[in-house]
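Contents: one structure, followed by commentary.
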Amino acid sequence: MDKYITLAFLAKFLFLILSITHIYLKIMHKDATDAKVMFWRDRVEFLFVSLMSFLLLFLFYPRANNEIYIDFETKLLLFIFGIILLTNAKWGEFFKESPMFEKIQHII
C-alpha cells in the first residue's frame, strides 16, 4: 500500500511540474513545446485520477471485513483529489443549464 501511495504522490508531483512548465511556455509563446507538455500533463492527470479512484474502491469495498485505516498521506491524497475534482468540474455548464439556478437569479 505504501508503494501505491508513493506512486500517486509521484504522479501528482509530475502533474505539478508539467503545469508549471505549461505556464512558463505559455508566457514565452513556445506553442509547439507547450502542446507536448499539455499532452503529457493530461495523461499524468488521468493516471492520478485513475489511481485515486482505485484507492477509493480499495478503501471502501463493502465486502471487506477489515477496519479502514487512513493514514496522513492517504488523507492528503484524498483531499487533493477532492480539490482537483472541484476545480476540473464544468461549473459553467452546471449553472447555465440548471433551472433552479435561473429561478434564484430571477429572485435576486
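Quick note: the coordinates plus some simple rules give every number you see, no bench work behind them. Nothing here was measured: the structure is a model prediction, and the numbers come from that model. Note that each Cβ is placed from the backbone with ideal geometry, even for glycine, and that neighbours are counted across all protein chains shown.
Assorted remarks:
- Size of charge dipole - the chain - debye, nearest 20, with Cβ of Lys, Arg +1 and Asp, Glu -1, no other charges: 200 debye
- Segment residue 17..residue 61, full-extension length gain: 12.6 nm, with 0.36 nm per residue of separation and the alpha-carbon distance subtracted.
- When each full DSSP H helix of the chain is screened for a Cα extent of at least 27 Å along its own axis and an average Kyte-Doolittle hydropathy of at least -1.0, the helices passing are 2-27, 31-59.
- Here Rg and Dmax of the Cα atoms in Å was calculated from the structure, and among (1) 18.6, 55; (2) 14.6, 50; (3) 13.7, 45 it sits at label (1).
- Site pair residue 4 and residue 70 shows an inter-label distance of 1.5 nm when each label is modelled 7 Å from Cα along Cα→Cβ.
- Comparing 52, 28, 38 in a Gaussian network model of the chain (Cα springs below 10 Å), the most mobile by mean-square fluctuation is 28.
- Environment charge of residue 2, counting only residues whose C-beta is closer than 11 Å and scoring Lys/Arg +1, Asp/Glu -1: -1
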